[in-house]
Amino acid sequence: MHPEVVIVRLGELTLKGKNRHRFEKRVLDQLQTLLSTYPQLEFKQEFGRIHIELNGAPYPPVERSLNKVFGLNSFSPAYKAPMDLDGIRNKALELLRHTLGDKPGTFKVVPKRANKSFPYDSMDLARLVGGYLLENIPGLSVDVHHPQTQLWVDVREQDAYVFTEVRQGTGGYPIGTNGRGMLLLSGGIDSPVAGWLTMRMGLEVEAVHFHSYPYTSERAKQKVVELAKLLSQYSGSLVLHLVPFTDIQVKLKESAKENLLVISMKRAMLRIAERIAERRGGGAIVTGESLGQVASQTLTSLDVIGRAASLPILRPLITMDKAEIIKVAEKIESYPISIQPYEDCCTIFLPKAPATNPSLKTVEQMERYMDWMEEAIDKAVAGTERIRVRWDDKEETDSYF
């Protein structure tokens with residue numbers, strides 16, 4: 001049996017207050033974007049739900065796309081039944097036979113009657129449908145506490161549905177419902193995970209990558225493009241800002257105290273990201289920093305680095321250890337890309353003994369003598385290459401560049 005419709009349930013938090021219609025529309029737009037390769041699909045909205053009529057389209061790619069949409073509580077591949085008791089019982093029998101095969105086992109009917117004009121209430125449905133199934137499937141028995149199979153009977157206003165699966169959705173909030181942020185995207189493991197976690201909470205992300213050619217290779221930059229493309233699966237497309245950072249890094253190597261080199265480099269990155277955010281309407285900067293993981297991520301170092309920007313700095317990984325971060329990276333499939341052996345700019349010119357307890361006063365005093373910094377930042381921002389990547393490789397123009 002091939003599913004005829006997919007019942008998509010939106011997260012409860014997205015449905016509260018005046019934001020409900022905006023959130024529902026954003027989820028619908030996202031679904032239509034990710035499923036645009038199947039023009040036969042029809043989308044029907046109900047309160048807290050979206051029904052996707054497959055009309056012959058295959059279910060597996062629809063399921064994969066649903067796993068990329070934030071704001072979903074759950075979804076079910078389902079089958080339509082006529083709006084009468086006999087029709088519902090026959091469709092339930094057909095589905096249960098298909099699901100159980102030669103192993104009847106135990107089952108439970110889970111009824112829901114949203115259409116109060118339907119002549120049978122939920123208790124009646126459970127009894128009448130369950131009894132019919134017991135009569136027609138030898139060896140079948142009821143277990144209301146721990147059934148091997150649950151069969152849902154869902155009577156809506158216009159249609160009735162039966163299904164045996166409820167798949168967990170990604171949760172979170174629809175993309176773009178909580179503003180826009182600039183993700184500092186390196187080629188490592190942490191920053192793609194940070195981007196995914198903030199996207200899951202409704203932030204529209206644009207990626208900012210710093211490259212230092214010829215110290216970093218073209219392949220290292222392509223690796224970041226691949227990571228941006230992977231993240232774009234959750235938003236349809238993603239803007240990637242490629243910032244030339246060589247001149248700033250070389251001058252910092254010559255001007256900064258060796259143990260403060262990484263601190264000054266990251267402060268310069270924040271200044272550039274903030275300039276880009278101002279141009280793009282960004283309200284925050286997102287980083288992949290995790291407390292105590294490296295010298296520049298001690299509490300004191302994070303404070304000194306963060307003082308370079310006035311925008312909020314979001315650090316979704318701050319309390320996660322490396323094993324937890326890798327687990328998420330494997331889940332979203334960024335890990336195989338991140339471990340490719342191509343260095344990014346954060347791995348060059350590293351001091352032998354970086355400061356772990358830097359003084360903000362000392363860092364700011366040192367930077368006051370770098371009279372070249374503002375001009376270099378202006379040049380880096382002006383020389384930034386902007387591209388929009390799409391999960392499906394389609395070309396897309398962006399009038400906002």
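The values are calculated or read from the model by the stated rules, or taken from the named source; none is laboratory data. Keep in mind the model is a prediction, meaning the values are calculated, not measured. Neighbour counts run over all protein chains shown; Cβ positions are idealised from the backbone, glycine included.
In this entry, Val304 passes the filter for residues that are in the same structural domain as Lys223 (by TED's automatic domain parsing), more than 23 Å from Trp196 (Cα to Cα) and either out of contact with any Cys (no Cβ under 6 Å at 6 or more places or on another chain) or part of a helix (DSSP H, G or I) (or both).
One residue is enough: does the stretch 239-257 have a residue meeting the conditions touching a Lys or Arg at 6+ places or on another chain (Cβ under 8 Å) and closer than 17 Å to Gln297 by Cβ? No, the stretch 239-257 contains no residue that is touching a Lys or Arg at 6+ places or on another chain (Cβ under 8 Å) and closer than 17 Å to Gln297 by Cβ. For the stretch 79-90, check the following and say yes or no: at least one residue is in contact with an Asp or Glu (Cβ under 9 Å, 6 or more places away or on another chain) and polar (S, T, N, Q). Within the stretch 79-90 (the criterion being in contact with an Asp or Glu (Cβ under 9 Å, 6 or more places away or on another chain) and polar (S, T, N, Q)), the answer is no, since none of the residues qualifies.
Residues checked against (1) in contact with a Pro (Cβ under 9 Å, 6 or more places away or on another chain); (2) at pLDDT below 95; (3) surrounded by fewer than 20 Cβ atoms within 10 Å (Cβ to Cβ); (4) not charged (D, E, K, R):
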residue: Gln158; (1), (2), (3), (4): no, yes, yes, yes
residue: Thr170; (1), (2), (3), (4): no, yes, yes, yes
residue: Leu185; (1), (2), (3), (4): yes, no, no, yes
residue: Glu206; (1), (2), (3), (4): no, no, no, no
residue: Ser217; (1), (2), (3), (4): no, yes, yes, yes
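Let's see how each residue does on (1) surrounded by 19 or more Cβ atoms within 10 Å (Cβ to Cβ); (2) modelled with pLDDT of 95 or more; (3) in contact with a Leu (Cβ under 9 Å, 6 or more places away or on another chain); (4) within 20 Å of His209 (Cα to Cα):
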position: Ala277; (1), (2), (3), (4): yes, yes, yes, yes
position: Val286; (1), (2), (3), (4): yes, yes, yes, yes
position: Thr300; (1), (2), (3), (4): no, no, yes, no
position: Ala308; (1), (2), (3), (4): yes, yes, yes, yes
position: Pro316; (1), (2), (3), (4): yes, yes, yes, yes
position: Asp321; (1), (2), (3), (4): no, no, no, no
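Condition check for Lys221 on (1) surrounded by fewer than 16 Cβ atoms within 10 Å (Cβ to Cβ); (2) assigned to a helix (DSSP H, G or I); (3) not assigned by TED's automatic domain parsing to the domain that holds Leu95; (4) not hydrophobic (A, V, I, L, M, F, W, C): one failure, at (1).
Counting the residues of the stretch 186-225 that are β-branched (Val, Ile, Thr) and within 13 Å of His241 (Cβ to Cβ) gives 4. For the stretch 1-18, taking the residues that are in a loop (DSSP other than H, G, I, E, B) and modelled with pLDDT under 90, the one that is farthest from Val62 (Cα to Cα) is identified as Lys16.
If the requirement is being over 23 Å from Glu367 (Cβ atoms), of a type in the set (A, V, I, L, M, F, W, C) and in the same structural domain as Gly288 (by TED's automatic domain parsing), which of these qualifies: Leu261, Leu203?
From the options Leu261, Leu203, the qualifying one is Leu203.
For the stretch 333-343, the condition of being farther than 24 Å from Lys229 by Cβ and assigned by TED's automatic domain parsing to the domain that holds Ala207 holds for none of the residues. The residue list Asn90, Asn115 contains one member that is farther than 15 Å from Val166 by Cβ, at pLDDT 95 or above and polar (S, T, N, Q), which is Asn90. When we screen Thr362, Thr356, Thr319 for residues that are in contact with a Lys or Arg (Cβ under 9 Å, 6 or more places away or on another chain) and over 26 Å from Arg219 (Cβ atoms), the only hit is Thr362. Note on the stretch 102-156: residues that are more than 39 Å from the chain's Cα centre (by Cα), under 22 Å from Val5 (Cβ atoms) and surrounded by fewer than 17 Cβ atoms within 10 Å (Cβ to Cβ) total 1.
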